[in-house]
Amino acid sequence: MQSTILIFLDGVGIGKADPKLNPFFKYNFNTFTKLFNSVPHLDNQNLSVNNRYIFPTDAVMEIPNLPQSGTGQTSIFCGVNAAKIMDRHFGPYPHSKLLPIIREENIFKKFMDMKKKVVFVNAYPKEFFDYIRDGSKRMSVTSLSCRYSNVPLKKKIDLSKGNALSAEIDNSRWVNNLKYKLRIIKPETAAKRLIKIASQHHFTLFEHFHTDFLGHGRESETLEERLKILDRFLLSLFESLPKNFNLLVCSDHGNIENISIKSHTNNPALTMSAGKNAKYFAERITNISQIRDAILDLY
């Protein structure tokens, strides 16, 4: 089985080489410095070492103003230029005009149409299911894609058994904020669990939205701590990736790479690839609407 892991990092762009603005320069980010010998920045956007690639991906796509999550994530997971369809960037949730596209074009459905095994590894707490029970609440592109395609959303029991990951990677928000009785795990443990889950599926998606959360200035006192958790997770994932796997890390727009502002940026979105088809991804993808088909075409 050819396994592809897609890591979606919300709100991570390639920014300036300025530690006053860019936390990837302010705090040592080993995924960059250890694997690529450099932190990507606007004057050095393309990096390649040992069949691992960092490259910029256009999130603006010729539509003026700042890119937003609703259109950006629809573009990534549905293979369309959603901002062009809307004639504007829209978010944080997808506009109703985009819902039929998400229903028919989402990457889970396309894989399932090919009789391939898919999984969305993020676990959701009971509070989320209570929130959406009446069907009128807003949902992200990923959770909508799962609902439309009958991909099960994982729950606390999946998380406790090691069959899912929390969005913050280490279970800390579940334990400290939501008061669930779970063990806070090491980021390296989360990476191992992700690889184990992915080994049973053709396509595996993990979504990490806390980068955008932090980029907007929320809980900024935890910025260094949360970046280190993400760093350890990604580094472990890159270093332990099986040879027959594909790993693709992407984002929907810039944000956290410039903490001097609390809005999104027009910077190119950070994209990374490793594994069997790493070079193919680096050469194939130039804007976020090309990510879905670049993955699907391998199958």
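The values are calculated or read from the model by the stated rules, or taken from the named source; none is laboratory data. In this text, all values refer to a predicted model and were calculated from it rather than measured experimentally. With ideal geometry, Cβ positions are generated from the backbone for all residues, glycine too; neighbour counts draw on all protein chains shown.
Test VAL80 against the criterion of being touching an Asp or Glu at 6+ places or on another chain (Cβ under 7 Å) and surrounded by fewer than 22 Cβ atoms within 10 Å (Cβ to Cβ), and give yes or no. Considered against the rule, which asks whether it is touching an Asp or Glu at 6+ places or on another chain (Cβ under 7 Å) and surrounded by fewer than 22 Cβ atoms within 10 Å (Cβ to Cβ), VAL80 comes out as yes. Elements of the type helices (runs of 4 or more DSSP H) sitting completely within segment 83-142 and holding at least 3 residues that are surrounded by 15 or more Cβ atoms within 10 Å (Cβ to Cβ): these cover 99-105, 107-113.
Out of segment 46-65, which residues are surrounded by 16 or more Cβ atoms within 10 Å (Cβ to Cβ), touching a residue at least 24 places away in the same chain (Cβ under 8 Å) and either on the phi < 0 side of the Ramachandran plot or touching a Leu at 6+ places or on another chain (Cβ under 6 Å) (or both)? Across segment 46-65, the qualifying residues are ARG52, TYR53, ILE54, PHE55, PRO56, THR57, ASP58, ALA59, VAL60, ILE63.
In segment 74-89, the residues that are closer than 15 Å to VAL60 by Cβ reach residues that are of a type in the set (D, E, K, R) and not in a helix (DSSP H, G or I) with C-beta atoms within less than 7 angstrom, at least six apart or across chains, in these pairs: ILE76/ASP252. Looking at segment 30-44, can you tell me whether even one residue there is assigned to a strand (DSSP E or B), loosely packed, with under 15 Cβ neighbours inside 10 Å and at pLDDT 95 or above? Yes, the conditions are met somewhere in segment 30-44. Taking the listed residues ARG218, ARG138, ARG147, the one that is modelled with pLDDT under 95, of a type in the set (D, E, K, R) and within 24 Å of GLN290 (Cα to Cα) is ARG147, with no other qualifying.
Within segment 24-60, the set of residues being under 17 Å from the mean Cα position of the chain (by Cα) and of a type in the set (Ser, Thr, Tyr) comprises THR31, TYR53, THR57.
Do the conditions hold for ILE291, that is, is it β-branched (Val, Ile, Thr) and without any contact (Cβ under 8 Å) to a residue 40 or more places away in the chain?
Numbers: β-branched (Val, Ile, Thr): yes; without any contact (Cβ under 8 Å) to a residue 40 or more places away in the chain: no.
So ILE291 does not fit the description; no.
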